[in-house]
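Please read the structure below before turning to the comments.
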Amino acid sequence: MGRFIIEGGNTLKGEIEISGSKNSALPILASTVLLKGVSVINNCPQISDVFKMIEILRILGCEVEFSKGTVVIDSTNADCCEIPSCISEKMRSSVVFMGAVLGRFNEVITGYPGGCEIGERPIDFHIKAFSKMGVDFEENGCYIRGFGNCFLGTDINLDFPSVGATENIMILGAVSKGITTIYNAAKEPEIVDLQNFLNKAGAKITGGGTDTIYIEGVKELFGTEYNIQRDRIEAGTFMCAVAATGGKAFLKYAKAEDMRQTVLRLSETGCIIKEYNDGIYIKRENILKPVNIIRTEPYPGFPTDMQPQIMSVLTLAKGTSIIIETVFESRFKHILELCKMGADISFNERTAVIKGVPKLKGGFVNCRDLRGGASLIIAGLSASGRTFVDNSVYVERGYENIVEKICLLGGCIKLQK
Ligand code: EPZ
């Protein structure tokens, strides 16, 4: 499963380029099934989640080439509407293929995307919305089949601003008859990226980034070229690494306006952050200050995907901080691992109280999920001594060239396969 080996204690210094956004790439790649002809997707991160999406595209009959960050997809001859459960159960994001496959074939068969390390992650919002759009479903315990002759635009009011459900409805709504309006839609920047991509392919979608999205269905969508936005969570992760080690770095292409809460909270810890058109500069040289309370919330609130990483920073602050995780029900798996390194954290299911300590010490820890793994790498970089972070595959799902980038900044890390 791979192991990171980290020699802690170096401050991070220098400049790195932020990669394309994983959480933009996945829904955009899925939606290419719907587009007749060839699509060219640039700035696609070379990470295992993207490789899995490409595997599914090929199973559906698309021809796909991926080199140097550009994915070329020809979906002209796509002819299969079934996503094998052996893949869908391993990858939650496969659920976002449903809208595209239904829109292309009027049918989709998929294994349950299943829960994952951070929670149960049901798909009831997706099913409820699709049913209202005219999709019929049958289930046999392992597989779920959606089908229908004609899908109709309608009003969808989401119980929760679910990112994946918003994306799925946008994709199917783009080729449904009439107007689909999504109320209480997710507002993440990745929603805007998907809207921009689909509109370039001929869709008529407005309101992305607000809580109400309007989609006027069209007959067909066509392959197009698109540059994916940069990854705000990767950028935030490296900002936390610099905050924890006490260094300074320039994160090229990071967009501060899409990371306002991350920037504000790290500024509260005493980091100096400067925003430029082409990136973000961050420096931390004084004592880290605690942050009173951080509650994770849907965008534009503090992102749940940044919760483990900022927790690593706060383990070193001079005082007590509180983090409340409101989005996922089991996203604290990194806490016991951080405590093995000397962190002083008490917690229940949703709330963690972090009492800062002067230094963490290297040790043997385990990744339990993607962002939790990133938090352990951050802790290892700041700790004294050597840290072994097992199950590196979790981190490789979502961070392109993370070892090379950390080494470029002067960190001491290697990956033992
Ligand atoms: C997306 O997941 C992201 N993944 C997640 O990033 C991110 O944490 C999450 O949005 C929230 O921002 C991708 O974009 C590929 P949700 P998604 O639907 O769409 C519940 C990472 O680290 N829910 O907004 O699956 C759900 O259980 C990953 O990059 C239902 O109850 O998230 C959760 O508690 C992790 N029923 C909450 O809503 C549903 O039908 C938010 O889920 C759907 C969701």
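So which residues in segment 365-395 are crowded, with 24+ Cβ neighbours inside 10 Å and polar (S, T, N, Q)?
Residues satisfying the conditions are Ser375, Ser382, Thr387.
Could you give every pair whose Cβ atoms fall below 6 Å, whose first residue belongs to segment 363-379 and is over 9 Å from His334 (Cβ atoms), and whose second residue is among the charged types (D, E, K, R) and open to solvent by 10 Å² or more (accessible area, probe 1.4 Å), counting only separations of at least 6 or pairs across chains?
Between residues of segment 363-379 that are over 9 Å from His334 (Cβ atoms) and residues that are among the charged types (D, E, K, R) and open to solvent by 10 Å² or more (accessible area, probe 1.4 Å), the close pairs are Gly363/Lys340; Asn366/Asp390; Leu370/Arg397.
Just to verify a result, which residue in segment 152-182, among those that are β-branched (Val, Ile, Thr) and in a helix (DSSP H, G or I), is nearest to the ligand (Cβ to nearest atom)?
Filtering first and then ranking leaves Val163.
Do we find a residue being part of a strand (DSSP E or B), within 15 Å of the ligand (Cβ to nearest atom) and either in contact with an Asp or Glu (Cβ under 8 Å, 6 or more places away or on another chain) or among the hydrophobic types (A, V, I, L, M, F, W, C) (or both) anywhere in segment 3-24?
Among the residues of segment 3-24, at least one is part of a strand (DSSP E or B), within 15 Å of the ligand (Cβ to nearest atom) and either in contact with an Asp or Glu (Cβ under 8 Å, 6 or more places away or on another chain) or among the hydrophobic types (A, V, I, L, M, F, W, C) (or both), which makes the answer yes.
Would you check which residues across segment 359-395 are under 14 Å from Val313 (Cβ atoms) and more than 16 Å from the ligand (Cβ to nearest atom) and list them?
Within segment 359-395, Lys359, Leu360, Ala379, Gly380, Leu381, Ser382, Ala383 qualify.
Scan segment 326-339 and give yes if some residue there is in a strand (DSSP E or B), in the same structural domain as Asn292 (by TED's automatic domain parsing) and in contact with a helix residue (DSSP H, G or I) (Cβ under 6 Å, 6 or more places away or on another chain), otherwise no.
no
Output the residues belonging to segment 83-137 that are among the acidic types (Asp, Glu), under 21 Å from the mean Cα position of the chain (by Cα) and modelled with pLDDT of 85 or more.
Answer for segment 83-137, where residues must be among the acidic types (Asp, Glu), under 21 Å from the mean Cα position of the chain (by Cα) and modelled with pLDDT of 85 or more: just Asp124.
Is there a residue in segment 141-151 that is open to solvent by 30 Å² or more (accessible area, probe 1.4 Å) and within 15 Å of the ligand (Cβ to nearest atom)?
no
Residues that are among the hydroxyl-bearing types (Ser, Thr, Tyr) and out of contact with any Leu (no Cβ under 8 Å at 6 or more places or on another chain), at least 1 per element: which strands (runs of 3 or more DSSP E) completely within segment 32-141 meet that?
In segment 32-141, 38-42, 63-67, 70-74, 107-111 are the strands (runs of 3 or more DSSP E) which contain 1 or more residues that are among the hydroxyl-bearing types (Ser, Thr, Tyr) and out of contact with any Leu (no Cβ under 8 Å at 6 or more places or on another chain).
Please enumerate the residues belonging to segment 94-117 that are more than 14 Å from the ligand (Cβ to nearest atom), of a type outside the set (S, T, N, Q) and farther than 20 Å from Ser48 by Cα.
Ala100, Val101, Leu102, Gly103, Arg104, Phe105, Glu107, Val108, Ile109
The values are calculated or read from the model by the stated rules, or taken from the named source; none is laboratory data. Treat the numbers as computed from the prediction; the structure is a model and nothing was measured. As a convention, Cβ positions derive from the backbone with ideal geometry for all residues, glycine included, and neighbour counts pool all protein chains shown. Areas reflect the complete protein model, heavy atoms only, side chains present, ligands, DNA and RNA absent. Shrake-Rupley method; radii C 1.70, N 1.55, O 1.52, S 1.80 Å.
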